Amino acid sequence: NKASLGIRFLNSILDLMALMVINIILAFIAGFLYEVTGAGVFDFYLNGGKLWDLVIGNIVFFVYYLLMEYYTGGRTIGKYITGTGAIGVDGSRLDFNKALYRSLSRLVPFDGLSFFGTNGWHDSWSDTRVVNLKNYENAKKLEIDLDSIGTKESF
């Protein structure tokens, strides 16, 4: 039930598009607050230079994945669209630690290239996998149904 490499790539593209929209909204808010308050911190958000863009970009990236995956049980906007989700290797729902490890691991340069192996680093290091949720739930239900064969029902 693991999501294919193509679906994982599509998730990444969709999430990057969502992050671009979030960054546009944050830039608009910073520009508005600068015009209203004149506080230099808001101007710096917009004009801090390449290093600042890298820092703030990574912060927004990290917070997006952490909050989305933790509060939605392993899903992001891309995963919602493709019907996939991240779960623990034991089938458990993502807890805060797993979401945190996944999000931190994504900050490692070339994490995206790690998917040319068996599992990506942010999956391996956090003991998680991305699955097709519909197929996974059906397989789980089938396993439960098979385990119940031969057990006596009580009335």
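The values are calculated or read from the model by the stated rules, or taken from the named source; none is laboratory data. What you see is a predicted model, and the numbers here were worked out from it, not measured in a lab. Note that each Cβ is placed from the backbone with ideal geometry, even for glycine, and that neighbours are counted across all protein chains shown. Just so you know, the surface numbers come from the protein's heavy atoms only, side chains and all, with ligands and any DNA or RNA stripped out. Shrake-Rupley method; radii C 1.70, N 1.55, O 1.52, S 1.80 Å.
Once the Cα atoms are used to define both axes, helix 50-71 deviates from the longest principal axis of the chain by about 30 degrees. Helix 133-148 and the longest principal axis of the C-alpha atoms of the chain enclose an angle of approximately 30°. Residues Thr128, Thr118, Thr82, Thr37, ordered by accessible area of protein heavy atoms at a 1.4 angstrom probe radius and largest first, appear as Thr118, Thr37, Thr82, Thr128.
Find the accessible area per residue for segment 1-106; the probe is 1.4 Å, ligands and nucleic acids are left out, and the unit is Å².
Counting only protein heavy atoms, the per-residue value for segment 1-106 is 58 Å².
Each Lys and Arg contributes +1 and each Asp and Glu -1, all at the Cβ; summed about the Cα centre of the chain, the dipole is approximately 240 debye. A dipole drawn for the chain from +1 and -1 charges on Cβ atoms has a positive end, and of Phe61, Leu5, Ile24 the residue lying farthest that way is Leu5.
Taking all protein chains as they are arranged and a probe of 1.4 Å, the heavy atoms of Trp125 leave approximately 130 Å² accessible to solvent. Spread over its residues, the convex hull of the C-alpha atoms of segment 1-87 is 100 Å³ per residue. Normalising by residue count, the chain has a Cα convex hull of 146 Å³ per residue. Would you please classify the overall shape of segment 90-138 from the alpha carbon gyration tensor, given that a ≥ b ≥ c denote the square roots of the eigenvalues, rounded means a/c under 1.5, and beyond that prolate means a/b larger than b/c while oblate covers the rest? In terms of gyration-tensor shape, oblate. Placing +1 on the Cβ of every Lys and Arg and -1 on the Cβ of every Asp and Glu, with nothing else charged, gives segment 29-96 a dipole about its Cα centre of roughly 200 debye.
Here are some pairs, Lys98/Lys141; Lys2/Lys50; Lys50/Lys79; which of them have Cα atoms lying more than 26 Å apart in this structure? Violating the 26 Å limit, Cα to Cα: Lys2/Lys50; Lys50/Lys79. By the helix-only formula, in which each DSSP H run with n ≥ 4 contributes -39500 (n - 2.57) and the sum is divided by residues, the chain has a 222 nm mean residue ellipticity of -21000 deg cm²/dmol. Extension gain for Met20 to Ile149 (0.36 nm times residue separation, less C-alpha to C-alpha distance): 41.4 nm.
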